[in-house]
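Engineer: One structure follows; several queries about it will come next.
The values are calculated or read from the model by the stated rules, or taken from the named source; none is laboratory data. Everything quoted here is computed from the prediction, not taken from an experiment. Cβ placement follows ideal geometry from the backbone for every residue including glycine, while neighbour counts extend to all protein chains displayed.
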């Protein structure tokens, strides 16, 4: 049985049906109780912040896919949540395979959220459990949402920072393969098929959505800006993804 945290999130909502389609028994963790089950997926209530319900959620799990993250608050509380999950998973002498989804470059990037992801990686590695960590580049879906927020202003910030976007659906497919396989430690990084600047991404997004905004090449200062300019969050040597940004936009917006 496979437990998925963050099952209702961007990645989790794609991962769960992939696993059930493989015939896997899936337990989907949600902070709020949901009714019943769908096929071979059973929803269970559990709170990673308080630890409530985690013992019941992990009971009988052979694999735990940890895809939950507090993205809205830059990963606040993620490290503690990971340790609570690990402690629950180990109680009673259990040793499930712990699979964690991370981001390329978290060990060399100063952005707060990236540093927190790296702390969680270290918790997973030091847990004593068999583990797999998969790092990917930024997902189309999250960049789409970010651009939607940026477009609320008539002056849309679009710095010339390089990104290597990846379809979250492809990340979910890779995660499903890893979940049914043997623990791999650090899996090979997974990046999108092309590197584009934020300005390129914004320009094509505006064309696809039919919006008109003035793109402003707003610089990102400091160590964080330098890290993004250096492309520490990219993996150009691992262009594993197949879908392009243009293909994603065409599928989402029909242009």
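Engineer: Name the residue that is surrounded by the fewest Cβ atoms within 10 Å (Cβ to Cβ), counting only residues in the stretch 33-50 that are within 18 Å of residue 98 (Cβ to Cβ) and at pLDDT below 95.
Structural biologist: So the first thing to find is which residues in the stretch 33-50 are within 18 Å of residue 98 (Cβ to Cβ), and the list is 44, 46, 48.
From the residues that got through so far, the ones that are at pLDDT below 95 too are 44, 46.
Values: 44: 19, 46: 24.
Per the stated criteria, the residue is 44.
Engineer: What do you reckon, is residue 89 modelled with pLDDT of 95 or more, closer than 23 Å to residue 180 by Cβ, in contact with a strand residue (DSSP E or B) (Cβ under 9 Å, 6 or more places away or on another chain) and in a loop (DSSP other than H, G, I, E, B)?
Structural biologist: On the way: modelled with pLDDT of 95 or more: yes; closer than 23 Å to residue 180 by Cβ: yes; in contact with a strand residue (DSSP E or B) (Cβ under 9 Å, 6 or more places away or on another chain): yes; in a loop (DSSP other than H, G, I, E, B): no.
No; evaluated as a whole, the condition is false for this residue.
Engineer: Moving to a separate point now. Filter the stretch 148-191 down to residues that are farther than 21 Å from residue 249 by Cα and assigned to a helix (DSSP H, G or I) and give me whichever is nearest to the chain's Cα centre (by Cα).
Structural biologist: 175
Engineer: Working carefully through the options 63, 120, 104, find the one that is touching a residue at least 40 places away in the same chain (Cβ under 8 Å), over 16 Å from the mean Cα position of the chain (by Cα) and surrounded by 14 or more Cβ atoms within 10 Å (Cβ to Cβ).
Structural biologist: Details: 120 fails: over 16 Å from the mean Cα position of the chain (by Cα); 104 fails: over 16 Å from the mean Cα position of the chain (by Cα).
Just a single option satisfies the conditions, and that option is 63.
Engineer: Can you tell me which residue within the stretch 35-60, out of those that are part of a helix (DSSP H, G or I) and free of Cβ contacts under 8 Å to residues at least 40 places away in the same chain, is farthest from residue 128 (Cα to Cα)?
Structural biologist: Step one: list which residues in the stretch 35-60 are part of a helix (DSSP H, G or I), which gives 54-58.
Add one more test, that the residue is free of Cβ contacts under 8 Å to residues at least 40 places away in the same chain, and what stays is 54-56.
Values: 54: 18, 55: 18, 56: 21 Å.
If we take residues in the stretch 35-60 being part of a helix (DSSP H, G or I) and free of Cβ contacts under 8 Å to residues at least 40 places away in the same chain, then 56 is farthest from residue 128 (Cα to Cα).
Engineer: While we're looking at this one, here's another question. Would you point out which residue out of 75, 80 is surrounded by 15 or more Cβ atoms within 10 Å (Cβ to Cβ), out of contact with any strand residue (DSSP E or B) (no Cβ under 9 Å at 6 or more places or on another chain), modelled with pLDDT of 95 or more and farther than 22 Å from residue 184 by Cα?
Structural biologist: Values: 75 fails: modelled with pLDDT of 95 or more.
On inspection, the qualifying residue turns out to be 80.
Engineer: Turning to a different aspect of this structure: Quick check on my filter: what residues within the stretch 226-255 are touching a residue at least 40 places away in the same chain (Cβ under 8 Å), assigned to a helix (DSSP H, G or I) and within 19 Å of residue 110 (Cβ to Cβ)?
Structural biologist: 227, 228, 229
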